[in-house]
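The values are calculated or read from the model by the stated rules, or taken from the named source; none is laboratory data. Since this is a predicted model, take the numbers as computed values, not measurements. Cβ: placed from backbone, ideal geometry, glycine included. Neighbour counts: every protein chain shown.
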Amino acid sequence: GAVVSQHPSWVICKSGTSVKIECRSLDFQATTMFWYRQFPKQSLMLMATSNEGSKATYEQGVEKDKFLINHASLTLSTLTVTSAHPEDSSFYICSARDPGGPDNEQFFGPGTRLTVL
Amino acid sequence: GDSVTQMEGPVTLSEEACLTINCTYTATGYPSLFWYVQYPGEGLQLLLKATKADDKGSNKGFEATYRKETTSFHLEKGSVQVSDSAVYFCALSDEGGSEKLVFGKGMKLTVNP
């Protein structure tokens, strides 16, 4: 299947700083990417849908000014956690939809573990 | 809103044991149903799916049947292997094409030799 990468795989930062997480589709062009958040022993929660060349669509309850999403190219979407606080510590997962695939399937990255001190 | 409820683990089995992971859902309309698997250190991968009632998805010896009458999509395998050790997620999409997936909490399976 198609490959999606995330960078970094883990990051530790101080409270008040901003952190950028990258999501790349390595062997296909993704017009749509998704960002999820996962708390321990909880399900993945969709945060936002990222569309190339346009503004992201955020799910209810997700602060768009805190979680900035940029989908500047067909292979890269970035999530920036601004002014991070300890409650933002979580596992962030992206996925990318392959429009050229037979089932319009989403392919997932391995995730980024964010710890805010 | 839509939701997915699945068995919570962790579960430990011996090799060649039978596996069933229960999954039930709540949704309006006619969702598509999925099972994803996450192996250690890797991203979620689609294991199987079913898009309408009575469809059976199957892959790698795993099966699940879309049961509309019981709103269920239980995952089964007759004989598990050590390589099946992973976290399994049940999910649904209410738009039929894996847009906006709603996930269950996931269940960690460990298979011992």
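Would you pick out the residues in the range B:44-63 that are surrounded by fewer than 20 Cβ atoms within 10 Å (Cβ to Cβ) and at the interface with another protein chain (Cβ under 9 Å from one of its Cβ atoms)?
B:Gln45, B:Leu46
Among the residues of the range A:75-117, which ones are β-branched (Val, Ile, Thr), farther than 17 Å from A:Tyr36 by Cβ and part of a strand (DSSP E or B)? Before the answer, list the steps.
Of all residues in the range A:75-117, those β-branched (Val, Ile, Thr) come to A:75, A:78, A:80-82, A:93, A:112, A:115-116.
Those left that are additionally farther than 17 Å from A:Tyr36 by Cβ: A:75, A:82, A:115-116.
Within the range A:75-117, A:Thr115, A:Val116 qualify.
Filter the range B:19-43 down to the residues that are part of a strand (DSSP E or B) and surrounded by fewer than 16 Cβ atoms within 10 Å (Cβ to Cβ), then identify the one that is nearest to the other protein chains (Cβ to nearest Cβ).
Our first condition is that a residue be part of a strand (DSSP E or B); within the range B:19-43, this holds for B:19-21, B:23-26, B:32-38.
Then drop every residue that is not surrounded by fewer than 16 Cβ atoms within 10 Å (Cβ to Cβ), which leaves B:20, B:26.
Working: B:Thr20: 20, B:Thr26: 14 Å.
Ranking the qualifying residues of the range B:19-43, first place goes to B:Thr26.
So A:Arg97 passes all but one of these: (1) at pLDDT 95 or above; (2) at the interface with chain B (Cβ under 10 Å from one of its Cβ atoms). Which condition number does it fail?
The number of the failed condition is (1).
Which one is farthest from B:Tyr39 (Cα to Cα) among residues in the range B:64-88 that are of a type in the set (A, V, I, L, M) and either in contact with a Leu (Cβ under 8 Å, 6 or more places away or on another chain) or surrounded by 17 or more Cβ atoms within 10 Å (Cβ to Cβ) (or both)? Write out each step before concluding.
Of all residues in the range B:64-88, those of a type in the set (A, V, I, L, M) come to B:64, B:75, B:80, B:82, B:86-87.
Remaining after also requiring either in contact with a Leu (Cβ under 8 Å, 6 or more places away or on another chain) or surrounded by 17 or more Cβ atoms within 10 Å (Cβ to Cβ) (or both): B:64, B:75, B:80, B:86-87.
Details: B:Ala64: 19, B:Leu75: 17, B:Val80: 15, B:Ala86: 5, B:Val87: 7 Å.
Restricting to residues being of a type in the set (A, V, I, L, M) and either in contact with a Leu (Cβ under 8 Å, 6 or more places away or on another chain) or surrounded by 17 or more Cβ atoms within 10 Å (Cβ to Cβ) (or both), the top hit is B:Ala64.
Can you tell me how many residues in the range A:10-46 are modelled with pLDDT of 95 or more and either out of contact with any Ser or Thr (no Cβ under 9 Å at 6 or more places or on another chain) or part of a loop (DSSP other than H, G, I, E, B) (or both)?
Residues meeting the conditions: 5.
On the basis of being facing another protein chain (nearest Cβ under 10 Å), among the small types (Gly, Ala, Ser) and closer than 30 Å to A:Gly100 by Cα, does A:Ser25 make the cut? Working first, answer last.
Numbers: facing another protein chain (nearest Cβ under 10 Å): no; among the small types (Gly, Ala, Ser): yes; closer than 30 Å to A:Gly100 by Cα: yes.
In short, no.
Within the range A:47-74, track down each residue that is small (Gly, Ala, Ser), modelled with pLDDT of 90 or more and not in a strand (DSSP E or B).
Selection gives A:Ala56, A:Gly61.
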